[in-house]
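The values are calculated or read from the model by the stated rules, or taken from the named source; none is laboratory data. Treat the numbers as computed from the prediction; the structure is a model and nothing was measured. Positions of Cβ are backbone-derived with ideal geometry, glycine not excepted, and every protein chain shown enters the neighbour counts. The protein model used for the area step is the full one, side chains on, heavy atoms only, and it has no ligands, DNA or RNA in it. Shrake-Rupley method; radii C 1.70, N 1.55, O 1.52, S 1.80 Å.
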Amino acid sequence: MKMTFRWYGEDSDSITLKQIKQIPGMTGLMGLLDYKAAGEVWTEEEVKAYVEHVHEAGLECEVIESVNVHEDIKMGLPTRDQYIENYITTIRNLAKYGVKVIVYNFMPVFDWLRTDLARVIEEDGSNSLYYDEKELGNMTPLDIVKKTAEDCNGFTLPGWEPERLALLEQTLKQYEGITPDMLRENYKYFLDAIIPVCEEVGVKMAVHPDDPAWPIFGLPRISHSQEDFDKIVALHDSPANALCLCTGSLGSNPANDIPAIIRHFGEKDRIACLHIRNVKYLGERCFREAAHLSSTGDLDMYEIVKAVYDTCPHDVYVRPDHGRMIWDEVGRPGYGLYDRALGACYLNGLWEAIDKASR
Ligand code: DNO
């Protein structure tokens, strides 16, 4: 398990590379150029500068996250071909500087969604991201965008890029009439164009699950169960068409058996990386994010890490996903330093125990 950390860049993160490097067992980043709009080329100069900067801090940069897919590709508009060309240029530029995995998603409009970014946890006064479908029922998509922007402590959030959301109402209208099957068709068109390039340059595409793991605002969503991902890997059969197995996103729906899903796709060599975090169920379609420790949430982290150990390559990329805000840290919701660092150590501890017990 190669332990990595999400970092938003020098100008955009409250956390420094030095701090990340000092977390025991940390090998590298799941990085991103967070100022890039969906559809834009990540130029060779930008990628080179970013990767070299990360290397100077003694960290690897083999996974890049949130190379966002333009909505025109998802909607299958005639303009998609240009955006696909741009995407291919970005893949080539990233590969040239040693990137091996690209994390992306194929969710219409919204990447991930919460109704509260700082829900206080009564027991200890920490706070975490929270979702309650009942609260969402009273809100329009525009309301939730405004609330999310207000609550994010001045940081931009992945998937909530202002320029994209400015077109929200228009984009939502354009999605009317696009069924899950049509979205899958458009997805296949995209994969058929990019996967051969990935095979050529040695990159794996890792699709992130819908978060939460069900449809929202009537939008088509096609990546929130084992069955969904079986269909996705079949759209273009290649080890380069892989998954970013996010335990917290899939795990928001208790019907998803996460260790079983990891084993299923691990055995098929379709897991390129994992985001590991815990969730606490609070009722029907209501949950909050918990500390990584199994006993603080509803996911069994031992069984999760064991499934990774048994079925994935032992150098598979992992990152501790969203943490709570603890010790009065103020930062990007979900992406503080302390709780994610604790999560990384805990996950590495589970790995060490499983590894030694299996010898
Ligand atoms: C949420 C993240 C996602 C993920 C994207 C990849 O916190 O895990 O935003 O990076 O879906 O495109």
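Observations on the structure shown:
- In sequence order, calculated HN-Hα J values of region 19-28 (Karplus, 6.51, -1.76, 1.60; Hz; x Gly/Pro): 4, 5, 4, 7, 6, x, x, 7, 9, x
- Our note on the geometry: Cα centres of region 232-291 and region 295-359, 14 Å apart.
- Förster-model FRET efficiency, 35 Å R0, residue 284 and residue 96, C-beta, rounded to 0.05: 0.15
- Between region 27-68 and region 138-201, the C-alpha centres lie 21 angstrom from each other.
- Label-point separation, residue 238 to residue 135 (7 Å along Cα→Cβ), nm: 4.2 nm
- Within a straight-line Cα-Cα reach of under 28 Å, residue 36 can be paired with the following lysines, leaving aside sequence neighbours fewer than 8 residues apart in one chain: 2, 18, 21, 48, 74, 96, 100, 146, 147, 173, 188, 204.
- Here the simple spin-label model places points 7 Å from the Cα toward Cβ, and for residue 296 and residue 85 these points are separated by 4.9 nm.
- Rg(Cα)/(2.2 N^0.38 Å) for region 247-303, N = residue count: 1.12
- Calculated mean residue ellipticity at 222 nm for the chain: -12000 deg cm²/dmol, from DSSP H runs with n ≥ 4 weighted as -39500 (n - 2.57), summed, divided by the residue count and rounded to 500.
- Beta bridge orientation in the chain: antiparallel %, DSSP, nearest 5: 30 percent
- Every pair of different Cα atoms in region 6-144 enters the Kirkwood calculation, which places the hydrodynamic radius at 17.4 Å.
- About the Cα centre, charge dipole magnitude for the chain (Lys/Arg +1, Asp/Glu -1 at Cβ), debye: 500 debye
- Calculated from backbone phi, Karplus (6.51, -1.76, 1.60) coupling profile of region 281-294 in Hz, x at Gly/Pro: 7, 10, x, 4, 6, 9, 7, 10, 7, 10, 4, 5, 3, 3
- Placing +1 on each Lys and Arg Cβ and -1 on each Asp and Glu Cβ, with no other charges, gives region 101-211 a dipole about its Cα centre of roughly 280 debye.
- Proximity of backbone amide H atoms, modeled 1.01 Å from N, is registered between residue 277 and 247, 248, 321 at under 5 Å, excluding neighbours fewer than 5 places apart on the same chain.
- Converting phi to 3J(HN,Hα) with the Karplus coefficients 6.51, -1.76 and 1.60 and the offset θ = phi - 60°, region 134-143 yields 5, 5, 5, x, 8, 10, 8, x, 5, 4 Hz in sequence order, with x at every glycine or proline.
- Normalised per residue, the accessible area of the chain is 39 Å², obtained with a 1.4 Å probe and no contribution from ligands, DNA or RNA.
- For region 226-359, the C-alpha radius of gyration sits at 1.06 times the compact-globule guess of 2.2 N^0.38 Å, with N the residue count.
- Dipole magnitude of region 20-100 about its Cα centre (Cβ charges: Lys, Arg +1; Asp, Glu -1), debye to nearest 20: 200 debye
- Region 50-96: translational diffusion in µm²/s, Stokes-Einstein, Kirkwood Rh over Cα pairs, 25 °C, 0.890 mPa s: 199 µm²/s
- Its Kirkwood hydrodynamic radius, worked out from the mean inverse distance over all distinct Cα pairs, puts the chain at 20.4 Å.
- Carbon-plus-sulfur accessible fraction, the chain (probe radius 1.4 Å, protein heavy atoms only): 52%.
- The value given for region 135-225 is a Kirkwood hydrodynamic radius of 15.6 Å, derived from the mean inverse Cα-Cα separation.
- Under 5 Å, built H, 5+ apart or other chain: amide partners of residue 2: 316, 317, 318
- Furthest towards positive pole of dipole, 84, 125, 155, structure part the chain, Cβ charges: 125
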